[in-house]
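See structure below.
The values are calculated or read from the model by the stated rules, or taken from the named source; none is laboratory data. Just so we're clear, the structure is a prediction, and the values are computed from it rather than from any experiment. All Cβ positions, even for glycine, are placed from backbone atoms using ideal geometry, and neighbour counts span all protein chains on display. To get the accessible areas, we keep the full protein, side chains included, count just its heavy atoms, and leave off ligands, DNA and RNA. Shrake-Rupley method; radii C 1.70, N 1.55, O 1.52, S 1.80 Å.
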Amino acid sequence: MEKPLITVIGSVNMDLVTNTNIFPTQGETVIGDFFKTLPGGKGANQAIAAARLGGRVQFIGRVGDDSFGVELKKVLNDEGIHLINVEPVTHMSSGVATIILSEGDNRIIVTPGANDYVDIEYVERLKDQILKSDLVLVQFEIPLETIRYILTLCKDNDIPVIVNPAPARQLEMDDWVKATYITPNETEAVQLFGDVKNQPISKQLIITQGSEGASFLVGETFKQIPTYKVPVTDTTGAGDTFNGALAVALMEGLELAEAIKFANGAAALSVQKLGAQTGMPTREDLDNFFQKRRGLT
Ligand code: RIB
């Protein structure tokens, strides 16, 4: 029997990563340690996280008509992800993320470029492919009206949707309620929902908390599923790994708490290497990690 189909609709970026000891202040120049171009983008990252863990994944997104676009498509292809019409946008650059790494954390500026062309018209043309999905996964680096369209399409057709609202942008409550799960980090959760316990969508929230794990509402309180203590090299893409892994775990039928444990483990592995995608584990890596850590956090 074929595995459930996960469709990721989202961004593809080239990450321009500079590592430095000191974040420059306004008007200041500092000397960096090293620079790397690494594939990224929340959509592509989540698709790759899911595919490496054994998910059957198709991807809808757009690249620019530049060399980054060619490279970014190849990376997705090489991961065994089915690319649906990921065609270059003429006279447009691929999305880029300027990332400054320092003191074990990051600061990111995303310039969407071709990602802005994942518009309703484009997605509507691919509707039949979307309707084949068992689960849809979206993030907020594509136009918000596209997200609204996807939420309505999936709700009308009983397809579950995980919405990772990163970076934080506001939707109407009428839209949020159409999501199956909403996965902000702690900062995004407060920015978007304020008092997270008393919202119409409180039960849909899975709040990621970095080195503390992730929590979701059980009864009246948020239950925390702690994560694993590991040495951290780069947290870029940890949230994406969590979301891709969560999608795979839910499609394998795990209960929510177990699915979050699985996603925590994947994210814990991902932060141990530089770059969003480099440290994302394969299924074998994750199984070995759990075996070694059984009972430990
Ligand atoms: O979540 C990490 C991602 O955010 C990076 O890969 C970067 O492209 C930005 O989109």
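Do we find that residue 43 is within 26 Å of residue 131 (Cα to Cα) and buried (at least 18 other Cβ atoms within 10 Å of the Cβ) in this structure? Break it down into steps so the answer makes sense when it comes.
Values: within 26 Å of residue 131 (Cα to Cα): yes; buried (at least 18 other Cβ atoms within 10 Å of the Cβ): yes.
For residue 43, the condition - within 26 Å of residue 131 (Cα to Cα) and buried (at least 18 other Cβ atoms within 10 Å of the Cβ) - is met.
Restricting attention to segment 161-176, report how many residues are over 21 Å from residue 107 (Cα atoms), open to solvent by less than 50 Å² (accessible area, probe 1.4 Å) and in a loop (DSSP other than H, G, I, E, B).
Going through segment 161-176 one residue at a time, the tally reaches 1.
As an exercise: evaluate residue 158 against (1) on the phi > 0 side of the Ramachandran plot; (2) not aliphatic (A, V, I, L, M); (3) not in a loop (DSSP other than H, G, I, E, B) and give the number of the one condition it does not meet.
Of (1) on the phi > 0 side of the Ramachandran plot; (2) not aliphatic (A, V, I, L, M); (3) not in a loop (DSSP other than H, G, I, E, B), only one is false for residue 158: (3).
The conditions are (1) touching a helix residue (DSSP H, G or I) at 6+ places or on another chain (Cβ under 9 Å); (2) under 23 Å from residue 275 (Cα atoms), and residue 104 fails exactly one of them. Which is it?
(1)
When segment 105-123 is examined, which residues are found to be open to solvent by less than 50 Å² (accessible area, probe 1.4 Å) and more than 17 Å from the chain's Cα centre (by Cα)? Even if it seems obvious, please write down each step before you answer.
The first filter runs over segment 105-123 and keeps only residues open to solvent by less than 50 Å² (accessible area, probe 1.4 Å), leaving 106, 112-115, 118, 122-123.
Passing the criteria: 113, 114, 122, 123.
Restricting to segment 60-93, and then to whatever is over 27 Å from residue 282 (Cα atoms) and among the polar types (S, T, N, Q), can you tell me which residue is surrounded by the most Cβ atoms within 10 Å (Cβ to Cβ)? Talk me through it step by step, then tell me what you get.
Filtering segment 60-93 for residues over 27 Å from residue 282 (Cα atoms) gives 64-67, 87-93.
When the remaining residues are screened for being among the polar types (S, T, N, Q), the result is 67, 90, 93.
On the way: 67: 10, 90: 9, 93: 17.
Only one residue tops the list, namely 93.
If you go through segment 177-202, how many residues are assigned to a strand (DSSP E or B) and among the aromatic types (Phe, Trp, Tyr)?
Narrowing segment 177-202 to residues assigned to a strand (DSSP E or B): 181-182, 185.
Remaining after also requiring among the aromatic types (Phe, Trp, Tyr): 181.
Final tally of qualifying residues: 1.
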